[in-house]
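Take a look at the structure below.
No value in this document is a laboratory result; all are computed from the given coordinates. Keep in mind the model is a prediction, meaning the values are calculated, not measured. Heads up, the Cβs are rebuilt from the backbone with ideal geometry, glycines too, and the neighbour counts pull from every protein chain shown.
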Amino acid sequence: MPTGVPIEFSGVTKRFGAVTAVADLSFTVEPGRVTGFLGPNGAGKTTSLRMLLGLVRPTSGTATFGGTAYRDLANPLTTVGAALEAASFHPGRTAHNHLRVYAAAAGLPTSRVDEVLRRVGLGEYAKRRVGGYSLGMRQRLGLAYTLLGDPGVLVLDEPINGLDPEGIKWIRLFLRELAAEGRTVLVSSHLLSEVQQSVDEVVIIAKGRLVHRGTLATLDTEVAPHVVVDSPDRTRLGEVLTAEGFEFSTGRTGLLVAEGDPGRIGHLAFVNGVEISMLQRQKAGLEESFLTLVDGGEVVGGSTETTRVTDAAADATAEPAASVDAAVSTEPPAPEAPAGESPGRHADHDGEDQR
Amino acid sequence: MTALFRSIGSEFLKILTTRIWWILAIVMVVYVGATAGGLAALFGWLSQNPDQTGGGGRGLPTGAQLQPLVYGFATTVGYVFPVLLGALATTGEFRHETLTPTFLATPRRGLVLLAKVVVAIIVGAVFGLIAWATTLAAGAAAFSGFGIETNLGDSDTWALAGRGILAMALWAAIGVGLGTLVTSQVAAIVIVLAFTQFVEPLLRLAASFIDVTASIARFLPGAASDAVVGVSFYSLSGGAATDPLDWWKGAIVLLAYAAVLTFGGYFSSWRRDVT
């Protein structure tokens, strides 16, 4: 079984003339898990991956596989399998012949070609010309290419693009399987929702710079944390918060405070004798956190996660789950509207951030 | 060395797994076969009916010149096919973005280009073999039909064929060099056709009227190729006051064209970022 080596970016910078496509990018991708490499279109993902693979020369910095640059790998296809956007085929060549060409270049037997084509589900289309393939089939063929040398590291650029729902389900399982085998798997995407069910870790870049690095769970706890708090006496609560230097805005279901720890707000209310009717940490959806990071904008919408109300003064009748939609910062202030009545506007989210 | 052989194997497969090589080969066979067979028949008929020749037979190939001219069409007319094959094999990599998987499998790009040149030379030689087999067969058949000596038993004929095949091999390498330098498939095809069928013939004709330019024109690729083979339309027409290059000098000139174009392409496109 091939073992993965870490992928290491160290101070990688690429300038095209006056344009800086990638700026001082440093991060490590560990074996045994799936890492999502995320960022909007034009963020520099493909350029970064191409530098990693020796196709584009960095202006400065190094990108290596366990310390070895791609160009210096003895037989690269047996160490790293890479698929970059799905157009690199001669349309007149069959899938089988396409892979044979590169198997020959890497000194791999033709039997590997049949094996990998079967593994990606293209076995019966192997003798057809690639020109007639759908985008999804090309994606699978790109994936088959990465597996030719049974490498310990996989680098996939937008592998989910163009797949049908069945294909998406298949590739998610496939990526998890590869990581479970101990391989290093780096998958780029411009949509978090596309990969959030298959990745363990995320590396997020925007405008060529690293903006976030960590497990998927860190994405919604570390990005723009807020607490939603409400009281029968909102004015008094507001005064107390202002006095302590907290910034907040008034929403329909309560005050949205720029603070990540509900305990601090609860304590403040308790000390000042303010009755609290609701106290919860707002948990932005992953996608919102992602968009916040890449746009540098506000966290909008999202769901809230109810945390244990530490203050004895909390009103037991507050409906913790009913206010899940907490569209606090997007809706105009409407204090008289009953809480929890606005429609569930996050219903289109991918599920994992809702409990 | 192993790496070079693997690359060569891969480049062979690239050519053999698409249709272009045999399409070009078939067109070449029809083209040089029709030219050689047709003109051999024409000259054969004229030799039997001398009263029909316009202008009293001036400029007609006579005696020992006839067979080399007819057989030589394999290269003097057919050389455009190996150039096209070499150029298409290289520009196709840019057009279909297959340089990405190629350089992923073999990150040493110079090695890939060297393998391409080696494969082009071998495939060009095979094209030469096919073209010469065609003109020898078609020409000899026409000659014997008119009772003209075929010269197939003559060692000079086979030396001619050998030199012709060498020129075809070198032309394929020139095609690879041109492809790396131009990179655009359409531009490469237009340049090959325009230069070989139009620009160079005109240049050679114009240059032949003055001694100085005539001696320079000997170094044009088509003239050098004719020198390698040892036959040319131009030497027949009597316009060339200057003797052509020795055959081996012609070969060196062709090789130099291939080398200059390939090195130029290596630095201008091959080594560049693949985006």
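Using all Cα-Cα distances in segment B:2-270, what percent lands in each 5 angstrom bin from 0 up to the longest? Using 5 Å bins, I get a P(r) of 1, 6, 12, 16, 17, 15, 12, 8, 5, 3, 2, 1, 0, 0 for segment B:2-270. Among A:E115, A:E8, A:E288, A:E194, a tally of other beta-carbon atoms within 10 Å of each Cβ gives an order, fewest to most, of A:E115, A:E8, A:E194, A:E288. Per residue of A:74-82, other chain Cβ atoms within 10 Å of the residue Cβ number 2 on average. Between the listed residues A:L210, A:L192, A:L55, the Cα displaced farthest toward the positive end of the dipole of segment A:7-221, a dipole computed from Cβ unit charges relative to the Cα centre, is found at A:L55. Once you keep just the Cα pairs under 8 angstrom separated by 6 or more residues, what percentage relative contact order results for chain B? Answer for chain B is 26 percent.
Which order results if B:W248, B:W21, A:W170, B:W270 are arranged by neighbouring Cβ count within 10 Å, fewest first?
So the ranking, lowest neighbour count to highest, is B:W248, A:W170, B:W21, B:W270.
Just add up the charged neighbours of A:S48: K/R +1, D/E -1, any other residue whose Cβ is under 14 Å from the Cβ of A:S48. Neighbour charge sum, excluding A:S48 itself: +2. The alpha-carbon atoms of segment A:7-221 define a convex hull whose volume equals 117 cubic angstrom per residue.
Of the DSSP H helices in chain B, those that are both long (alpha-carbon extent of 24 Å or more along the helix axis) and hydrophobic (Kyte-Doolittle mean at least 0.0) are B:20-48, B:109-145, B:155-182, B:247-265.
Rounded to the nearest 20, the Cβ-based charge dipole of segment B:2-270 about its Cα centre (Lys and Arg +1, Asp and Glu -1) stands at 800 debye.
Computed per residue of the protein assembly as shown from DSSP H runs no shorter than four, each worth -39500 (n - 2.57), the mean residue ellipticity at 222 nm is -15000 deg cm²/dmol. Footprinting exposure proxy ranking of A:Y70, B:Y266, B:Y71, fewest other C-beta atoms within 10 angstrom first, gives B:Y266, A:Y70, B:Y71. Based on the convex hull around the alpha carbon atoms, the protein assembly as shown presents an average projected area of 37.5 nm².
Averaged across B:185-194, how many Cβ atoms of other chains sit within 10 Å of each residue's Cβ atom?
0
Near A:L147: Cβ cut-off under 11 Å, other residues only, Lys/Arg at +1 and Asp/Glu at -1. The net charge is +3. For the protein assembly as shown, a crude dipole built from +1 on the beta carbon of Lys and Arg and -1 on the beta carbon of Asp and Glu, taken about the Cα centre, is about 3020 debye to the nearest 20. Label point of B:Q48 set 7 angstrom out along Cα-Cβ; within segment B:119-155, amide nitrogens under 17 Å from it belong to B:139-150.
Kirkwood hydrodynamic radius computed over segment A:215-283 comes to 12.1 Å, based on all pairs of distinct alpha carbons. Pairs over the 19 Å Cα-Cα cut-off, from the set B:K116/B:K249; A:K14/A:K207; A:K14/A:K45; A:K45/A:K207: B:K116/B:K249. Here's the picture: charge each Lys and Arg Cβ at +1 and each Asp and Glu Cβ at -1 in segment B:2-270, and of B:A140, B:L46, B:F94 the one pushed furthest to the positive end of that dipole is B:F94.
Temperature 25 °C, viscosity 0.890 mPa s: under these conditions the Stokes-Einstein estimate for segment B:76-186, based on its Kirkwood radius over C-alpha pairs, is 159 µm² per second. Here segment A:7-221 is treated with +1 on each Lys and Arg Cβ and -1 on each Asp and Glu Cβ, and its dipole about the Cα centre works out to around 660 debye. Only one residue of B:I8, A:L147, A:F27 has its Cα farthest out toward the positive end of the dipole of the protein assembly as shown, where Lys and Arg carry +1 and Asp and Glu -1 on Cβ, and that residue is B:I8. The phi-based Karplus calculation (6.51 cos²θ - 1.76 cosθ + 1.60; θ = phi - 60°) puts the 3J(HN,Hα) values of segment A:238-245 at x, 5, 4, 5, 4, 4, 8, x Hz, whole numbers, x for Gly and Pro.
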